[in-house]
Amino acid sequence: MPRVPGGYSWSIGTDSTRSDELFKSLQLGPFSFLNEWFSQELWNHYSSWIALVLLLLILFAGTSFVLSKLVKRRTKSLSDSLEKQKILQRKAQKAMERAASLEKLGIVEQMSSILAHELRQPFTTIKAFIFGAQRKAQKNALSNEQFLEILQKIQKQTDKLEGIVDHVRSYAKRKQPELKIFDLGEAANGAIENFEDCGNFHGEIKKEILCGLKVNGSALEIELLLNNLLKNAAESITATSASHPKIDIKLEQIGDNAVLSVSDNGNFSPKQADESTLLSSSKEEGLGLGLLIVKSIARKHGGTFKLEARKAGNGAIATLSLPLIYENKQN
C-alpha cells in the first residue's frame, strides 16, 4: 500500500507473544494492573477468612503469653511451697532431735534415781547376810558349807551392784546398752529371788513362771522393772489392812508375745485408778521407777505396758508384753 501522508507506511508486524507473556508473568508494563487487581480481588473474596486467621493468631499468641505467665507463677508457688516444706521438715527434725535429747536426759535422770534406789536393796541384802554370818560365827554355829553359801549370795549381790552401776553409766554416756537375746523367765526368777532375799515382804508370793521364752533386750532393765513393780505392790499391800497379803506373778505366752503380769490385793481401787500413783513410791523420800521409764523400757524392747485395777476386789495388775524371739525360726 502506498505511503500515507506524513511518511508512514505499512509493513509486516513482529511476534511479541513471548514479551507479552513475560510482562504478564511479572505483572509489569501494560500488565501492571494485574498486581493491583490480584490484591484487591484477594481481599474482596477472602477478607473474612484472613481476618479470622489473624484473630486466631492473636488469640493463640495471647493464650501462650497468659499460660506462660501462669506456669511461671505456679512454678514459683510450687518452689516456695517446697522450700517451706523443707524448712518445716528441718524444724520438725530438730524438734524430734531435741525431744529425743530431752527424753534421754529424762531417762538419765530417772536412771540416776534408780542408781540410788536400786543399790539400797543389794546393800541391804549383803548387810543381812553378813549380820547373820556374824551371829552364827559368834555362836560357833557357822559351818563351812553355810559360810560358802553366804559368800556365794554376797557375790551374787555384788555382781548385781556392778551391773546396775555399769548400766547407769552407759546411760550417762548416752550409749545405748547392748541388747541381747535372753530368757525372760530366768530374768523374772532372778528379780523375784532378789526381792525375797530382802525380806521386806512377809506375805504370800505366788508365781507361775514359764521359762524358755526368749526376748531381745536388756535382762537387767527387765529385772529392775519387775523389782520395782514388786516393791510397789508390797508398799500398796502394807498400806492396807489385808488379812492375807498376796502378790501374784505370772509369765505366760500369748500368741507371739511373752506376757508378764504382777498383781496384788492392796489398796488400789478402781476409783483410784491412777497408774502414776502406783508406779511411784508412796513414801515421800521414795524415788520409784516412774511411769516414763517403765514405758520407755517396754517401748525400747518393742513391747507394751499397762496398769489397771483388778476386776475382782481391790488391788492392781501391771502387765508387760514383749515380742518373742524364735532363734530357730527360718526366714
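Restricting segment 163-217 to residues that are among the β-branched types (Val, Ile, Thr) and modelled with pLDDT under 80, which is nearest to SER236 (Cα to Cα)? Spell out the reasoning first.
Pass one, segment 163-217, residues among the β-branched types (Val, Ile, Thr): 164-165, 168, 181, 192, 205, 209, 215.
With modelled with pLDDT under 80 added as a condition, the list becomes 164-165, 168.
On the way: ILE164: 25, VAL165: 28, VAL168: 27 Å.
That would be ILE164.
Which pairs do you get when a residue that is surrounded by 10 or more Cβ atoms within 10 Å (Cβ to Cβ), found in segment 37-55, comes within reach of a residue that is modelled with pLDDT of 80 or more, reach meaning Cβ atoms under 9 angstrom, with the pair 6+ apart or on two chains?
Sorted first by the residue in segment 37-55, then by its partner, the pairs are LEU42/ILE50; TRP43/ILE50.
Scan segment 206-222 for residues that are within 15 Å of ALA318 (Cβ to Cβ) and surrounded by fewer than 23 Cβ atoms within 10 Å (Cβ to Cβ) and jot them down.
Within segment 206-222, LYS207 is the sole residue that qualifies.
Could you say whether any residue in segment 66-83 is exposed (fewer than 10 other Cβ atoms within 10 Å of the Cβ) and at pLDDT below 90?
Within segment 66-83 (the criterion being exposed (fewer than 10 other Cβ atoms within 10 Å of the Cβ) and at pLDDT below 90), the answer is no, since none of the residues qualifies.
Across segment 109-159, what is the total count of residues that are at pLDDT 80 or above, polar (S, T, N, Q) and part of a helix (DSSP H, G or I)?
Count: 7.
Among the residues that make up segment 70-90, is at least one of them closer than 30 Å to SER296 by Cα and of a type outside the set (A, V, I, L, M)?
yes
Are any residues in segment 202-233 in a helix (DSSP H, G or I), touching a strand residue (DSSP E or B) at 6+ places or on another chain (Cβ under 7 Å) and over 15 Å from SER321 (Cα atoms), and if so, which ones?
LEU230, ALA233, listed by residue number.
For segment 140-164, enumerate the residues that are closer than 24 Å to ALA219 by Cα and either exposed (fewer than 12 other Cβ atoms within 10 Å of the Cβ) or of a type in the set (Phe, Trp, Tyr) (or both).
GLN152, GLN155, ASP159, GLU162 - these are the residues of segment 140-164 that are closer than 24 Å to ALA219 by Cα and either exposed (fewer than 12 other Cβ atoms within 10 Å of the Cβ) or of a type in the set (Phe, Trp, Tyr) (or both).
The values are calculated or read from the model by the stated rules, or taken from the named source; none is laboratory data. All figures in this text were calculated on a predicted structure; none of them were measured in a lab. Here the Cβ is made from the backbone with ideal geometry for all residues, glycine too, and neighbour counts use every protein chain on show.
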